[in-house]
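Heads up, the thing below is written out as structure tokens.
Please treat every number below as a calculation from the coordinates, not as lab data. Keep in mind the model is a prediction, meaning the values are calculated, not measured. Cβ atoms come from the backbone with ideal geometry, glycine included; neighbour counts cover every protein chain shown.
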Amino acid sequence: MQIFKVFMKVLKKRIRYAMLYVGIFLGIAIPMSLNSSNSGSTKEMFVKESKSKIGICIFDEDDTPESREFADYLAEKYTIKELKNDEEVVMDSLFYMSVDRVISINKGFADRLAKGETEGIIDSRHMHESYNSMLLEQDINSYFSSVSAYIAGGEDALTASQSAKEALTADADVKVISFTDEGNADYPRDFAEYYRYMAYILIAAVIGTLCPVLMAMNNKEIRYRTNCSSLDSSSYTKQVLLGSAVFVIGVWLIFVIAGMILYGGVYKGRAWLAVLNSFIYTLVAGSITVFLSAFVNNMDIINFINQAVSLGMSFMCGVFVEQELLGAGVLSAARFMPAFWYIKANMLLDGTEAFDSTKLMQYMLIEAAFAVVMALLTIVVSKARYNSTAPQKRTAPAVNNG
Amino acid sequence: MFFHDLKYMLLSGFRVKSFLFWLMLFPILLGTLFKVAFGNVYENDVLFRSIPTAVVETSDNAVFHQVIDSLEEEDEPLLAVEYTDEDNAMQLLKEGKVSGIIYVGDKLSLSVTEQKMDQVILKTFVEQYGVNEKIIKDTAEKDPSKIQAVVDKLSEDVSACNDIPMTHGDPDIYVQYFYNLIAMVAMYGPVTGLHITVQNQANLSALGARKNCSPTPKSVSMLADLAGSYIMQSACMILCVTFTHFVLKIDFGDRLPLVYVAAVLGGILGVSFGFFFGSVNRFSFEAKIGIVMAVSMFSCFLSGLMMGQMKGIIAEHIPWLNKINPATVVADSLFSLNMYSDYSRFISRIITMLIITAVCTAAGIIVTRRKKYADL
């Protein structure tokens, strides 16, 4: 196990790099996961929650009981944000969507309302023609439609405002139907995001750490020296692969165990399938790394390839941005990448797509096929590169271990 | 001698592979990935599109028809309605072709599968119907003679919001990732700036030791290195803006020359910061690089490179920080060119960049001059 020991010695020097990736990932994933589990994920709550998250800012220059009634109505349904009445601050808040609309209730609001005038009664600023902005407009129009109707019914503006506010608290008869089975209760979407982001971190950490180690082992002079030693080349390969496997599986285990802590105990049901999916993907990450190290021997190039592969797959395959938001052309290209199938399998498991065990198996097999192809390519490249006859010609007679 | 030093500074600088990668190739790669990932998100996820809705009528409701007809007259109607039977509606809902089913009977009811904004808007729409009924019922109890006036009011279209236009620029929130990308390249400038000090500090490099015992005045050699770094960084900034605008087709507004000016000044700011930091201490090169990259990346994080809303969050809670954080200042100058028709915000950001650059460069020169070594 001489080679294995050397491998571990070299790995020890690079392990800080892997720990950096692991630490940053867990440092971000744990608070995010805790935050999403506290936000309440039951279906009934979501309908209410999605309203309250909408931010609105109100500048009440009229400051009358009627204007306060209107402001109260909005405050009960949405998150009121206090902003400085400054163009720069308002523009920033609207652009970055910390508020969706900025409402100004101008002087004379109560008088106009008393006359039943509602057309353009408030000034509104918004940046994006978004769903939030549309919902706010719809709700504000409903409020003023109701107030003007009560006024037409003979009420004064203040009473009409109070009556409208009360009338608008009525809830609609909403039925939530589920066409998918509820099996994803063991693997909720909030938690599935942890496994989704793992697709990035596994590739980045494994390539970034393992590639330099394999490069050191594959250094041409050292490799030729090993080749002409009494060590059997298959034993050499086995020991290097064993070292790589120990590292790759170790990193994977750290993520799986950290995931268990976030999960709140031992995985159940579909969560185990997600673990299996991530294991197959880990093998893909390992095989990509071994392949790269077979023909690249420059750290700068490895850094570039690492960023290109990890970020490229993550952006294109739906790790950072959900697949449903990506363009059709991007997704077509992404089909040739393993992360695409990893994410597809994850979507089946978390209930984003209707669960189908045959499809799941198919996706996992495609991922595994990538690992096999990479392994075959590695063998071809290694044979061509390290078992060439060039050194033997110079130093003949050499022991041919290849 | 100045031009001789400048020439070799440029030649050696452009041959550093890590420089070529992090300041030229990496921004191109990241920009392309941003474009691939965020290219459609604003249209697909943020902008409102009519909500596909199935309507199942269990009894005739002329008023509902009237409301839907009036809605459909708008440019972007609230609902894209398909009248159908229950089985087909369920099928459409299952296939995700509609966001919800509205059942029109004595009362309206709604069936949905998800709980996203589409469904919340549908729910609000259905609730409005219940509200109208309640208003008419309340009026009937108080003063039945006014029912007609109330019904007339309720059937009127209300447009209570007087919309004040905010900008003529591109409001796509994802464009800010490209502003931050340019700011990121500027904030890699400190690495270029650090090389000046490494090449001039005798304790950090053999070249530094050689320069310190050469007859060339330190001021000439230092200024040539500074000028060379500014040129190299400016080339990277120009490449980044050109690539994002002409290849990725990112719309920076109609004042592109000023975008180049802001980007180049941002790059010079970055170099000056690196020069200052490298000069002010005697840490090892690795330590300097580590600290300066941590500061630069944190600056980029605060400006929203990793998390888009970060600048907005800071604007809400610590607005002064956005006015002095270098990455935010660079990104904000590009943002203001796109969003504002006047130049006041742009000019204030440019002045901030010039002040930071001047302070860092002056401080770096003051600290470096007359530095002596006991032995080399």
Inset, instruction - Find which of A:376, A:281, A:346 sits farthest along the positive direction of the dipole of chain A, computed with +1 on the beta-carbon of Lys and Arg, -1 on that of Asp and Glu, about the Cα centre. - result: A:376
Legend entry - Alpha-carbon Debye profile of the protein assembly as shown, log10 I(q)/I(0) at 0.08 Å⁻¹: -0.83
Legend entry - Relative contact order (%) - criterion: Cα under 8 Å, at least six apart; region: the range B:218-283: 40
Legend entry - Charge-dipole axis of the range A:58-217 as Lys and Arg at +1 and Asp and Glu at -1 on Cβ define it, positive-most pick from A:131, A:200, A:67: A:200
Inset, instruction - Using DSSP to define loop residues, name the chymotrypsin sites (Phe, Trp or Tyr not before Pro) in the range B:263-365 whose beta-carbon has at most 16 other beta-carbon atoms within 10 Å. - result: B:283, B:343
Inset, instruction - Kindly provide the trypsin sites (Lys or Arg not before Pro) of the range A:209-283 that DSSP labels as loop, not H, G, I, E or B, and whose Cβ sees at most 14 other Cβ atoms within 10 Å. - result: A:268
Legend entry - Least to most buried among B:192, B:328, B:167 (fewest other Cβ within 10 Å first): B:167, B:192, B:328
Inset, instruction - For chain A, calculate the relative contact order in percent as a whole number, restricting contacts to Cα pairs under 8 Å that are 6 or more residues apart. - result: 18
Legend entry - Coarse-grained scattering of the range B:1-118 at q = 0.21, 0.22 Å⁻¹, given as base-10 log I(q)/I(0) from a Debye sum over alpha-carbon atoms: -1.16, -1.22
Legend entry - Gaussian network model of chain A, Cα within-10 Å springs - most flexible of A:160, A:308, A:204: A:160
Inset, instruction - Would you mind checking the range B:112-128 for residues with the amide N under 20 Å from a putative spin-label position 7 Å along Cα→C-beta of residue B:94? - result: B:112-115
Inset, instruction - Give me the distance in nm between label points sitting 7 Å out from Cα along the Cα-to-Cβ direction at residue A:86 and residue B:43, one decimal. - result: 3.7
Legend entry - Longest exposed-site-free window of chain B, the sites being GluC sites (Glu not before Pro) in a DSSP loop that have at most 10 other C-beta atoms within 10 Å: B:96-376
Inset, instruction - Only Lys, Arg, Asp and Glu count, each charged at its Cβ (+1, +1, -1, -1), so figure out the dipole size of the protein assembly as shown about its Cα centre, rounded to 20 debye. - result: 7920
Legend entry - Pairs of alpha carbons in the range A:131-239 whose separation is greater than 22 Å (percent): 70
Inset, instruction - Sort all Cα-Cα distances of chain A into consecutive 10 angstrom bins from zero, then give the percent of pairs in each bin up to the one containing the longest distance. - result: 4, 17, 21, 17, 14, 11, 7, 5, 2, 1, 0, 0
Legend entry - Within 10 Å of each Cβ in B:332-340, the average number of Cβ atoms from other chains: 2
Inset, instruction - Please average, across the residues of B:28-35, the number of beta carbons from any other chain that are within 10 Å of each residue's own beta carbon, and give a whole number. - result: 4
Legend entry - Debye equation applied to the C-alpha atoms of the range A:43-196, log10 I(q)/I(0) at 0.09, 0.19, 0.21 Å⁻¹: -0.38, -1.18, -1.35
Inset, instruction - For chain B, just the Cα set please: Rg and Dmax, both in angstrom. - result: 30.6, 105
Legend entry - the range A:76-161: chymotrypsin sites (Phe, Trp or Tyr not before Pro) falling in loop per DSSP and having at most 15 other Cβ within 10 Å: none
Inset, instruction - Sequence neighbours fewer than 8 away in the same chain don't count; with that in mind, list the aspartates and glutamates whose C-alpha is under 16 Å from residue A:359. - result: A:181, A:350, A:367
Inset, instruction - Please work out the Cα center distance from the range A:149-177 to the range B:251-305, rounded to the nearest Å. - result: 55
Legend entry - 0 to 90° range, to nearest 10: angle between helix B:26-38 axis and chain B longest Cα axis: 0
Legend entry - FRET E, pair residue B:4, residue A:222, Förster distance 35 Å, beta-carbon r, rounded to 0.05: 0.25
Inset, instruction - Averaging over all projection directions, find the projected area of the Cα convex hull of the range B:176-234 and quote it in nm² with one decimal place. - result: 4.2
Legend entry - Ratio of the Cα radius of gyration of the range B:119-216 to 2.2 N^0.38 Å, where N counts its residues: 2.78
Legend entry - Furthest towards positive pole of dipole, B:333, B:358, B:266, structure part the range B:239-366, Cβ charges: B:358
Inset, instruction - Could you grab the relative contact order for the range B:113-239? Cα pairs under 8 Å, six or more apart, rounded to a whole percent. - result: 15
Inset, instruction - Give me a single rounded figure for A:160-173: the average over its residues of other chain Cβ atoms within 10 Å of their Cβ. - result: 5
Inset, instruction - Would you mind computing Rg(Cα) / (2.2 N^0.38 Å) for the range B:223-334, counting N as its residues? - result: 1.16
Legend entry - Stokes-Einstein D (µm²/s) once Rh is taken as the Kirkwood radius of the range B:283-376 over alpha-carbon pairs, at 37 °C in 0.692 mPa s: 213
Legend entry - At 1.002 mPa s and 20 °C, Stokes D of the range A:48-97 from Kirkwood alpha-carbon radius, µm² per second: 180
Legend entry - Cα-only radius of gyration and Dmax that characterise the range A:309-356, units Å: 10.2, 30
Legend entry - Cross-link pairs A:77/B:94; A:9/B:288; A:81/B:311 - those with Cα-Cα distance over 24 Å: A:77/B:94; A:9/B:288
Legend entry - Fraction of alpha-carbon pairs over 15 Å apart in the range B:305-358 - percent: 48
Inset, instruction - Send over the per residue convex hull volume for the range A:243-308, Cα only, as a whole number of Å³. - result: 100
Inset, instruction - For the range B:57-101, just run the numbers: alpha carbon Rg, then divide by 2.2 N^0.38 Å, N being how many residues it has. - result: 1.26
Legend entry - Square roots of five times the Cα gyration tensor eigenvalues for the range A:141-202, Å: 49, 16, 8
Legend entry - Computed lengthening from residue A:373 to residue A:119, 0.36 nm per intervening residue step minus Cα-Cα distance: 84.8 nm
Legend entry - Order of B:151, B:56 - criterion: other Cβ atoms within 10 Å of each residue's Cβ, fewest first: B:151, B:56
Inset, instruction - Name the residue, out of A:384, A:294, A:371, whose mean-square fluctuation peaks in a Gaussian network model built on chain A with Cα pairs under 10 Å. - result: A:384
Legend entry - Long-range HN-HN contacts of residue B:163 with modeled amide H, under 5 Å: A:124
Legend entry - Over chain B: helical MRE at 222 nm, DSSP H runs n ≥ 4 each giving -39500 (n - 2.57), nearest 500: -20500 deg cm²/dmol
